[in-house]
Amino acid sequence: MKGNQHVGVIGGGIIGLCTALNLQKEGFKVSIIDRKGIAKECSKGNAGHFATEQVFPLADKHLLPKIPKMLLDPLGPFRIRPRYFLKALPWFLRFIWQMRKQPYAQSTKQLTLLNEHSINAYQTLLREFDLTHLIHLKGSLLVFESTCQDEIEQIKSRFVAHGVPATVLNKSQLNALEPNLSDNITAAIHFETGGHTTDPEALCIALAQVFIEQGGQLIIDDVSRINTGNKLLIKTERSHYEFDKLVIATGAWSKTLANQLGYNVPLDTERGYHLMLPQTNLLNRPVTSAERKFIMTPMASGLRLAGTVEFAGLQAPMNNQRAEILLPHARAILKEHIHPPSKSAWMGFRPSLPDSLPVIGQAPKHSNIFFAFGHHHLGLTHGAITGELITQQITQQPTTIDLSPFCISRFN
């Protein structure tokens, strides 16, 4: 039966790829449709960090009093373009509403469940195709410059209370792990279970190659309309395709397709920037600055600086300054002199929902359509587990975790 069913996956990023491969393993015929090709959006230039420690939603009430200072700081991690403010306002009102105690606790619980299974899901998927060398499980560091020791211990205890293995390192212990960090760094929290990839785009391309070798079809085209029924007719700019089942994994562009199908979803995009430095071997694992709110990840081609957030929608041009502001931060917390980067700035669109939870699961009004989008800062982290969960639901198997909190019905 599965072999006679054709599943379409709209989206060629890490979420769509992991979903397509899991469906192939179950015997389905699978086609991926993407308007640009494999890993051309967030999956190309993300921080490369499997951030299993990030169990807390972004809608934290302690963030509210800090927002004005962030907006006024020219080196700050957060920006809203003035022209976009009114359009983003409904999203931010929902975001603030999620800061209440009960919704915050619920989102924390669900993110924790996803994170707990994320690395194992990757290992299961990559081991089958001899690709485990593409992820490095060395954990990550959260480093501090001015935070007092008591507060650092409280931060660590908060993570540990939610099942995240974490250890506070003093300066000597930190230097043993990362000798190139500046003396400005006074302490760190070592998250032991996370990891990173030295090239997120290469990871996606390797998965796509396996997908195609196993008979998968890659269609580079832009989906314009979905006609529903027992068979799903997908109209694109250049052609049309028929599928038995469909997975929508189009990241920040998913809102249009969901709305077309009759589903309301408060999806907006956090435009994220990175800057590549040519130096290699500066760090051994991802390092996040607690005070400066950015991350440095060692890549095969150098050191990637990432982490800024800009609200400006999908149409506004890239603002190179948002990438360049990362350079003085890196210079402040690294010992080695950093050469001015070549022109390697990049911008991607993080698909973000106010409650920090993705939409994963069957469309309530369409038994043959499934959603897998809205992973905000954790798309790479949740790629494999999302693919596993969607496949389990399509094949009517018990899912690894309860998917009801991730259903799009929470917005409808």
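What to note about this one:
- Residue within the stretch 302-309 that is of a type in the set (Ser, Thr, Tyr) and within 18 Å of Ile185 (Cβ to Cβ) present: no
- When the residues of the stretch 46-64 are filtered to those that are among the hydrophobic types (A, V, I, L, M, F, W, C) and either buried (at least 17 other Cβ atoms within 10 Å of the Cβ) or not in a helix (DSSP H, G or I) (or both), the one that is farthest from the chain's Cα centre (by Cα) is Ala59.
- Residue ranges of helices (runs of 4 or more DSSP H) in the stretch 65-152 with at least 2 members crowded, with 18+ Cβ neighbours inside 10 Å, among the aliphatic types (A, V, I, L, M) and in contact (Cβ under 8 Å) with a residue 24 or more places away in the chain: 101-128
- Test: residue in the stretch 5-24 that is in contact (Cβ under 8 Å) with a residue 12 or more places away in the chain and open to solvent by 60 Å² or more (accessible area, probe 1.4 Å): no
- Some residue of the stretch 190-207 being open to solvent by 50 Å² or more (accessible area, probe 1.4 Å) and not in a loop (DSSP other than H, G, I, E, B): yes
- Listed by first and then second residue, the pairs with beta-carbon distance under 6 Å, at least 6 apart or on different chains, first residue in the stretch 253-265 and open to solvent by 40 Å² or more (accessible area, probe 1.4 Å), second of a type in the set (A, V, I, L, M, F, W, C) and part of a loop (DSSP other than H, G, I, E, B), are Lys255/Val265; Lys255/Leu267.
- Residue within the stretch 345-354 that is at pLDDT below 95 and open to solvent by less than 30 Å² (accessible area, probe 1.4 Å) present: no
- Residues of the stretch 166-189 classified as assigned to a loop (DSSP other than H, G, I, E, B) and either open to solvent by 50 Å² or more (accessible area, probe 1.4 Å) or in contact with a helix residue (DSSP H, G or I) (Cβ under 8 Å, 6 or more places away or on another chain) (or both), total: 7
- Any hit, the stretch 191-209, residues being closer than 30 Å to Asn170 by Cα, of a type in the set (Gly, Ala, Ser) and more than 19 Å from the chain's Cα centre (by Cα): no
- The stretch 278-308, subset touching a Lys or Arg at 6+ places or on another chain (Cβ under 7 Å) and closer than 30 Å to Leu86 by Cα, residue least open to solvent (accessible area, probe 1.4 Å): Thr308
- Some residue of the stretch 337-344 being of a type in the set (D, E, K, R) and either crowded, with 22+ Cβ neighbours inside 10 Å or without any contact (Cβ under 8 Å) to a residue 24 or more places away in the chain (or both): yes
The values are calculated or read from the model by the stated rules, or taken from the named source; none is laboratory data. Model, not experiment: these values are computed from the prediction. When we count neighbours, we look across all protein chains shown, and the Cβ atoms used for this are built from the backbone with ideal geometry, even at glycine. Keep in mind that these areas ignore ligands, DNA and RNA; they rest on the heavy atoms of the full protein, side chains included. Shrake-Rupley method; radii C 1.70, N 1.55, O 1.52, S 1.80 Å.
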